[in-house]
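For reference, the structure is listed below as C-alpha cells.
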Amino acid sequence: MLPRPPPAVTASDTLNLPAPFSQIPFYPLRYPHPSPIHPLPHLTSSLNDEIHSAPSHDPPRITTALWAKREDHSSPLAASGNKYRKLEYIVPDILNHHHDGSKATTLITEGAIQSNHTVQVAALASSLGLDSLVLLHENTGAGLKTTTDRASFLRTGNVQLCRLLGAEIRIIAPDDDSAVVEDDLVGPVKVLEELRARGKVPYWIPSGASLHPLGGLGYARCAFEVAAQEKGILPGGSRFDYIFVACGSGSTLAGLIAGFKLLEKTEAVHDDKTHKEKKLLPPRRVIGILTSPTKPRVYHEERILRLARATAGLIRLDPERDITPDDVRLDDRFVGAAYGLFDPQTKAALETLARVDGVVVDPVYTGKVLRGIMHWVAEGEIAKDWSARVGAQGISGVDEVNVLFMHTGGQSALGAYADI
Ligand SMILES: *Cc1c(COP(=O)(O)O)cnc(C)c1O
C-alpha cells in the first residue's frame, strides 16, 4: 500500500465556537454540513391528538412539535452514529500518541455484543490506516441471553460490520479474565501487554469513549450546531426547548449539558452587547433517557454531573458553579428489564414511528428514547414541565414547544434482533 499523507488536524472554527473551545484540536469525521434536523409530522399530530382527546387533562394551551436530529446521517463512515462526534476530538490525541518512539498502530476498545461504538472505532481505524481490536463482552446486557438465535446474535449486525471493517474481534466469555478492564483510563492491561509484545502500539478507547478525558467535547460542540440550525428551521426566535437523548456511557448527554451551558452564556453576553431584550424563554432543557436498569438513577446522576463538569472545565466554564445537579435530568422509567433487551413497549414505539413517519430507530437506545418522548408528550408531561418553568400565564406568542429527538444511530444492530 502507498504511504498515506498525514491526516490534517484542524481547529474548529466554522460554528463560531468561543475560545478556548475553538482552539481545541479537532479532526473531522463527519460531513462538513450539520446532521439534518427534520420534523416528525405524523407522530407529532397523533400524540397531540391523544392529549386533546384525554378527558382527564385540562385543555392544553400549548402543543408540542417533534423534530429529529439525524446523527445517524452525519458521517460517510460505517453505521453513522453518535460516537463519531466524540472521536473527532480524540483523533488528534491518537495521532500524537507514541510509545518508545513509535506511533499508535492499533485502536482497542470494548462493548457489549452488538455494540455500535465498536463499529465506529473499527471504521475510524480503517480510515486512519490503523488496526483495530474489539473486545465484546458476552455478559454485558441481555441481548444475547434472551435471543432465540444465539449463533446469529454473535455474528450478524454490528459484529458482522466490525469484521468487514477488518477489526480483530474477541468474544469475552463471562469467566474469562484475560480482558478485564481494571481502570477505564488504562484499559485491559493483559491485552495491551500482549499487543506490545507483538510490536504494536495500542491506543485504548474506553467504552463509549465516555471516560476518555476528551470524550465530552463532541457533544458540547453539537449544542452550537443545534443552535445554528434553529435559526434556519424554526420561526423567528424559537428554539428547541427540550432535547431528548439516550444515556448509556454518558458523554453524549454530559457533553450536551456542558455545551448548552456555554452556548446560553455566550448568547446572553451577545444579547447584552447588542442591547437586545433579555430573552423570556427559559434555557433549553436536555433530558437523558436511561437505557439500562443495572445501576440506580443516582449513580448515573453523579456520573453525568462529573462528566459534564470535566467537559465544562475544558471549554472554560466554571465546572462547579456553571454545572449544577439541577442541570442533570435523567428519566429512568423506560429502561425496561435489562440493557439490550428489546421489550414490548420499546418495540411498540419503534413500530409506531416506522409506520407513521417511515423512520426507523434502534432497539437498544433510541427506541427507549422514543418511548420516553411519546410518554412525555401524550401524558402532558412536556406541557406540565413547561408551565412549571414559565408560569401559568405562559409566554405571549409561544403556543408551541419544540422537542428535539437525538437520533444517535444504532439501526445496524437491528439485523441481530431478528425476532422483531
Ligand atoms: C452509544 C450510543 C448511545 C449512548 O451514548 P452514550 O454517550 O454512551 O451515553 C445512544 N445511542 C446509540 C445508538 C449509541 O450507539
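Would you tally the residues in segment 245-280 being modelled with pLDDT of 95 or more and at positive phi?
Qualifying residue count for the region: 1.
For the subset of segment 237-262 comprising residues that are in contact with an Asp or Glu (Cβ under 6 Å, 6 or more places away or on another chain) and assigned to a helix (DSSP H, G or I), which member is nearest to GLY81 (Cα to Cα)?
If we take residues in segment 237-262 being in contact with an Asp or Glu (Cβ under 6 Å, 6 or more places away or on another chain) and assigned to a helix (DSSP H, G or I), then ILE257 is nearest to GLY81 (Cα to Cα).
Counting only residues that are within 21 Å of ALA378 (Cα to Cα) and within 14 Å of the ligand (Cβ to nearest atom), which one in segment 57-98 is surrounded by the most Cβ atoms within 10 Å (Cβ to Cβ)? Spell out the reasoning first.
Here is the first cut: in segment 57-98, the residues within 21 Å of ALA378 (Cα to Cα) are 57-69.
With within 14 Å of the ligand (Cβ to nearest atom) added as a condition, the list becomes 68-69.
Details: ALA68: 26, LYS69: 24.
Filtering segment 57-98 for residues that are within 21 Å of ALA378 (Cα to Cα) and within 14 Å of the ligand (Cβ to nearest atom), the one surrounded by the most Cβ atoms within 10 Å (Cβ to Cβ) comes out as ALA68.
Is it the case that some residue within segment 167-176 is surrounded by 22 or more Cβ atoms within 10 Å (Cβ to Cβ) and modelled with pLDDT of 95 or more?
Residues of segment 167-176 that are surrounded by 22 or more Cβ atoms within 10 Å (Cβ to Cβ), as a first pass: 167.
Now narrow it down to the ones that are modelled with pLDDT of 95 or more: 167.
Yes, some residue in segment 167-176 is surrounded by 22 or more Cβ atoms within 10 Å (Cβ to Cβ) and modelled with pLDDT of 95 or more.
Please determine whether any residue of segment 224-236 is in contact with a strand residue (DSSP E or B) (Cβ under 7 Å, 6 or more places away or on another chain), away from the ligand (no atom under 16 Å from the Cβ), part of a helix (DSSP H, G or I) and not β-branched (Val, Ile, Thr).
Yes - at least one qualifying residue is present in segment 224-236.
Consider ASP184 against the criteria (1) under 30 Å from THR64 (Cα atoms); (2) among the charged types (D, E, K, R); (3) within 16 Å of the ligand (Cβ to nearest atom): it satisfies all of them except one. Which criterion is unmet?
Checking ASP184 against (1) under 30 Å from THR64 (Cα atoms); (2) among the charged types (D, E, K, R); (3) within 16 Å of the ligand (Cβ to nearest atom), the one that fails is (1).
So how many residues does segment 384-411 have that are away from the ligand (no atom under 16 Å from the Cβ), of a type outside the set (A, V, I, L, M, F, W, C), outside any helix (DSSP H, G or I) and surrounded by 13 or more Cβ atoms within 10 Å (Cβ to Cβ)? Even if it seems obvious, please write down each step before you answer.
Step one: of segment 384-411, the residues away from the ligand (no atom under 16 Å from the Cβ) are 384-403.
This time we only want the ones that are of a type outside the set (A, V, I, L, M, F, W, C), so: 384-385, 387, 389, 391, 393-394, 396-397, 399-400, 402.
Okay, now just the ones that are also outside any helix (DSSP H, G or I), so 391, 393-394, 396-397, 399-400, 402.
Adding the requirement that they be surrounded by 13 or more Cβ atoms within 10 Å (Cβ to Cβ) leaves 394, 400, 402.
Residues flagged as away from the ligand (no atom under 16 Å from the Cβ), of a type outside the set (A, V, I, L, M, F, W, C), outside any helix (DSSP H, G or I) and surrounded by 13 or more Cβ atoms within 10 Å (Cβ to Cβ) within segment 384-411 amount to 3.
Take segment 180-210 and flag every residue that is modelled with pLDDT under 95, part of a loop (DSSP other than H, G, I, E, B) and surrounded by fewer than 20 Cβ atoms within 10 Å (Cβ to Cβ).
VAL180, VAL181, GLU182, ASP184, LEU185, VAL186
The values are calculated or read from the model by the stated rules, or taken from the named source; none is laboratory data. Remember, it's a predicted structure, so these values are computed and weren't measured experimentally. Please note: Cβ atoms are built from the backbone with ideal geometry, for glycine as well, and neighbour counts cover all protein chains shown.
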